[in-house]
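Each remark here refers to the structure printed beneath this line.
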Amino acid sequence: MIQQIEKRDGRCVFFDVTKIANAIYKAAEASGGHDYQMSMRLALDVADYVDANCPTSTPTVEYVQDAVEKILVESGHARTAKAYILYRNERSRQREMNTRLMKIYEDLTFQSAIENDIKRENANIDGDTAMGTMLKYGSEGAKQFNEMFLLEPHIAKAHREGDIHIHDFDFYTLTTTCTQIDLLKLFDGGFSTGHGFLREPNDIMSYSALACIAIQSNQNDQHGGQSVPNFDYSMAPGVRKTYWHKYRDNLAKALEVFGLEEEGLEAAKALVEACPGKPVLGDDNGASEYIRSRLLERTDEKTADSILAFTLKYARRETERATYQAMEALVHNLNTMHSRAGAQIPFSSLNYGTDTSPEARLVMKSLLLATEAGLGNGETSIFPIHIFKVKEGVNYNPEDPNYDLFRLAMRVSAKRLFPNFSFLDAPFNAQYYKPGRPETEAAYMGCRTRVIGNVYDPTREIVNGRGNLSFTSINLPRIALKAEGDMEAFFAELDSKIELVIEQLKARFRIQSQKRVRNYPFLMGQGVWIDSDKLSPDDKVGEVLKHGSLTVGFIGLAECLKALVGKHHGESEQAQRIGLTIITRMRERMNRESRETGMNFTVIATPAEGLSGRFVRLDRERYGVIPGVTDRDYYTNSFHVPVYYPISAFKKIQIEAPYHELTNGGHISYIELDGDPTQNLDAFEAVVRYMKECGIGYGSINHPVDRDPICGYTGIIGDVCPRCGRREGEAVSIEKLRQLGVYKNHNSDTIGYHGDPNEERDRRPNPLR
Amino acid sequence: MNQLNHITYNENGEAMVGEGVGFERIRRITGYLVGTLDRFNNAKRAEERDRVKHDVYHSVAGNADAHDDIRHSA
C-alpha cells in the first residue's frame, strides 16, 4: 500500500486518497456529474493501479495524475477525463507562470539593464536603480496576475500569443492612460496635491512651478502621458499679474528716486489701484495718462514723464526676465522632478502657438529660447514634448501675428528635436475649431494620442479634462501571414480581431468604471478630469470616464502589405490602396461601435516600444524568416513607411498623410533629415509646410543630436568631435580646451563646458586640422 | 570620481581630460527623446540602426513642383 507521495518540489507527504477523489469529483462536476461515491471508487482504483505498477515505492504527483487519466479513460468516463486533463494543463500553465515570474524576478535582481531587455522595455525608466527595479517587480507581477485571474481565457490567449497586445497591461485594473490638463481651471482658487493646499498663483514664476506640480501629481494617478493642451493661454495670466506687480514696484521706486515719496510702495499701490484700467504688456489701458495727471498735481512735467518712463521701461524688462527664468525653471523641473515611485520623470507635453496676446507671446518666446539654450551644461532636454500648433491666419504665413514664433519654433526644433508640429487646418482638426475657444483646438498628448471628438456628449467636443482610457493593438502582419494571400480570409480574420479588441476594451472599461474618486486623489479629487468636480470621494467614476476614448491600434501595416501583396505602401500604389482599405475598415467598425454604444471608440496609430520586437519574434517562431516581413528585429510602427526604405521626404509625407485622417485616436509622421538642419532651415521649413499642405495632423523631424560632454559641442558627431577633435573615450588636453575657450572651471564637479547661449551661438566648430 | 573631472597625463606630461567619456547621442524613440542608446530595447536599437535619411531637395519626379510652391509661399 502506498504510504507517501513525492511532490514537485521534492518534498514527500502522506498519500491521501480523498485528494484524488476530490480532483476527480471537480472534473466530473465541470462536465455535469454529481456522484461523489463514484469519484471515490475511481480514486481507489487509481490507488490500486499505482500500488501495482509504480516502479518506486514513492510515486510522484505526475505519475499519480497520469494514472488518474488512464483509469478515467479506461473506465469509460471520457468527458470527466477531458475535464481533468484541461484542469491539469491549466494548473501546470499557472505553475509554469509562477516559475517564470520568479525567473523574471531573479533576472531583474541580478542582471543589469545592459544584459536584460525587460529592464529596457521602457527607455525612460532606469532599470538599474532601486526604484526602477521595484517598479519592474510590481509591473511584471501585476501582468501575471491579470493574465491568470482577470482576462477571459480567449483574450488572454490572444494577448499571450501576440494576436493582439493590451498596452499598459500591468495597470489593467488600476487606472486610465492620459489627460489633457486644463491648468487655468485647476489654478482658479488654488488646489491641493493631497499633501497640502496651494493658493492661486500670483506671478509667472508660481504659474510655471504649479504647472510642473500639476503634471507631476496627475502622473502619479495615470500610466500615460500628461499634456497641457494650451500652455500659452494657461501661462498668459501669470505674465499679466507679474507685469502689474513690476509696474507697481517700479513706480514705487521711481517715486522714491525722484524725491516724491520716502516710502513709495503705498503711494504706488494707491495710484495703480485708482487707474481706470489695469496696465498690461501690450496695452497701457490709460494707466499712464491717469498717473501722469495725478503726478502733475505734485511735480513738473519733466519729472512726471521721467517717473513714467522709468516705470514702463523696468516693468517690461523685469517681466521679460522673470518670464524667461520661469520658463527655464519649468524646463529644468520637468527634466528632474520624479514620479512613479521615483523611477521616471513625468511624460509631459505642452501644446502652444495660437494665443496672440503679448503675454502669451512672451511665454512662448521664452520657453523656446530656454529650450534652445539647453539644460545646465547645454544638454538637450528630454522633456517636455513641445507641440507647436500651426494655424493659418495665426502663425503660418509671414503676415500672421505669431509667424515669428513659428519660425523660432522651427529653429529650435532644428537644434533640439522639439517642438513637433500639429496642424489645426487639417480638415479632421479644423472641424472642431472655434475661434476664441482654445479648448476646441486639437491637441496631442505624449507621443501621438489625440482626443477631441465626443460621441458621448457632442456638445463638448473639446480637449480640456479628457484623455484616452486604454488601447489595444492588433498584429497586422500576423493576420496577413495567416491569410496566405487570400484577401477574403484576411479581412474576415481582421474583423474577428477587431471584435475581440472591442470586447476586451469594454471589459477593461467595466473594471475602470468601478473605481471611485478617492482612487485618483488628483485626477478626480481635484477636478482635473472633466466633470469629476461634480462627484464626491466615494462616487464611482464610470460615467465621467465616458468622455474618454477606447482605442484600437495597429502595428506593422508595412509588413502586413509585404505579406499580402509582396510590396509595402511606399513601394506600390496598389499596396497603398489596400493599406487605406485596411485602416478604413478599422475606423468604420469603431465608428459603428461609437454609434451603438454612445462611447468614444477610436483608432490610433500605435507607438510601439516593447511591442515592435515582441510581435515579430513570435511571428518568426511561427512562420519562419520571411523577407520584408519577419526578417528584421522589429515591425514598423503603425502606418509608417519602413525606416530602412529610401524615399524622399515629400513622397513619404504624401503616402502617410491620408492615414492621419483615419486614425482619429492619434497619429504622427516622422521625417529623417540628413546633416545639421540648423544650417539648412529652408529645408526644415519646406518639410513642415509640406506636411501642413498634405493634411498631416501631427509631424516631427528627426536629425542626429549628439553632444560631447567634455567640450560641450552639440550637433552631429561622427567618430571625431568637430570642436575638440577627440574620439569617443579619448582624452583631450586641457590646454587645447583652454584655447577653444571651453575649459573654464578646473575645480567644479562639472568641469568642461558650461552653457551660455550667447557664446554658444557665436562659436564655430573648429576644423580638425 | 566624476569622470568628467578625471585628469590624466599623456607621455608629454600634458594634462588631459575625457578618458573613457563617451559621446551622448540623443534619439527619438516612439515619440520620446532618450539621452543614450543604452536604454533602448533590442528591437528599437535595431530600428534606429536601420533608419535612412529622407531627401528633401532631390525628390522623386513630380514632387519638385510641389516643393517649389511650398518654399516660395514662405
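Matching residues to (1) of a type in the set (A, V, I, L, M); (2) closer than 26 Å to A:His386 by Cα:
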residue	(1), (2)
A:Asn218	no, yes
A:His223	no, yes
A:Arg248	no, no
A:Leu251	yes, no
A:Glu266	no, no
A:Glu297	no, no
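Selection within region B:3-19: residues that are facing chain A (nearest Cβ under 7 Å) and among the charged types (D, E, K, R). The member of this set that is surrounded by the most Cβ atoms within 10 Å (Cβ to Cβ) is B:Glu19. For region A:293-304, the criterion of being part of a helix (DSSP H, G or I), crowded, with 19+ Cβ neighbours inside 10 Å and without any contact (Cβ under 8 Å) to a residue 40 or more places away in the chain is met by at least one residue. Is it the case that A:Gly342 is surrounded by fewer than 18 Cβ atoms within 10 Å (Cβ to Cβ) and modelled with pLDDT under 95? Yes; evaluated as a whole, the condition is true for this residue.
Between A:Arg450, A:Arg411, A:Arg437, the distinction of being of a type in the set (D, E, K, R) and touching a Leu at 6+ places or on another chain (Cβ under 8 Å) belongs to A:Arg411 only.
Could you check region A:419-536 for helices (runs of 4 or more DSSP H) lying wholly inside it with 3 or more residues that are touching a strand residue (DSSP E or B) at 6+ places or on another chain (Cβ under 6 Å) and touching a residue at least 40 places away in the same chain (Cβ under 8 Å)?
Hits in region A:419-536: A:487-513.
Before we move on, is A:Phe428 surrounded by fewer than 23 Cβ atoms within 10 Å (Cβ to Cβ) and farther than 19 Å from A:Leu673 by Cα? Spelling it out, A:Phe428 is indeed surrounded by fewer than 23 Cβ atoms within 10 Å (Cβ to Cβ) and farther than 19 Å from A:Leu673 by Cα.
In the list A:Thr371, A:Thr336, which residue meets the criterion of being surrounded by fewer than 22 Cβ atoms within 10 Å (Cβ to Cβ), within 14 Å of another protein chain (Cβ to nearest Cβ), free of Cβ contacts under 8 Å to residues at least 60 places away in the same chain and not aliphatic (A, V, I, L, M)? Going through A:Thr371, A:Thr336 in turn, the sole match is A:Thr336. Examine region A:584-600 for a residue that is surrounded by 23 or more Cβ atoms within 10 Å (Cβ to Cβ), more than 14 Å from chain B (Cβ to nearest Cβ), closer than 28 Å to A:Gly542 by Cβ and touching a Lys or Arg at 6+ places or on another chain (Cβ under 8 Å), and state whether such a residue exists. So far as region A:584-600 goes, yes, one or more of its residues are surrounded by 23 or more Cβ atoms within 10 Å (Cβ to Cβ), more than 14 Å from chain B (Cβ to nearest Cβ), closer than 28 Å to A:Gly542 by Cβ and touching a Lys or Arg at 6+ places or on another chain (Cβ under 8 Å). Applying the criterion of being at pLDDT 85 or above and buried (at least 18 other Cβ atoms within 10 Å of the Cβ) to the residues of region A:714-724, the residue that is nearest to A:Leu673 (Cα to Cα) is A:Ile717. Against the definition (surrounded by fewer than 22 Cβ atoms within 10 Å (Cβ to Cβ) and part of a helix (DSSP H, G or I)), how does A:Glu571 come out, yes or no? Judged against the criteria, A:Glu571 is not a match. Only one entry of A:Gly141, A:Gly76, A:Gly132 meets the criterion of being modelled with pLDDT of 80 or more and within 14 Å of another protein chain (Cβ to nearest Cβ), and that entry is A:Gly132.
Looking at region A:258-280 only, could you name the residues that are among the hydrophobic types (A, V, I, L, M, F, W, C), outside any helix (DSSP H, G or I) and surrounded by 18 or more Cβ atoms within 10 Å (Cβ to Cβ)?
Within region A:258-280, A:Cys275, A:Val280 qualify.
Restricted to region A:718-740, and to residues there that are in contact (Cβ under 8 Å) with a residue 12 or more places away in the chain and either under 35 Å from the mean Cα position of the chain (by Cα) or in a loop (DSSP other than H, G, I, E, B) (or both), the residue that is nearest to the other protein chains (Cβ to nearest Cβ) is A:Arg726.
The values are calculated or read from the model by the stated rules, or taken from the named source; none is laboratory data. Please read these numbers as outputs of a predicted model, since none were measured by experiment. Note: ideal-geometry Cβ built from the backbone for every residue, glycine included; neighbour counts use all protein chains shown.
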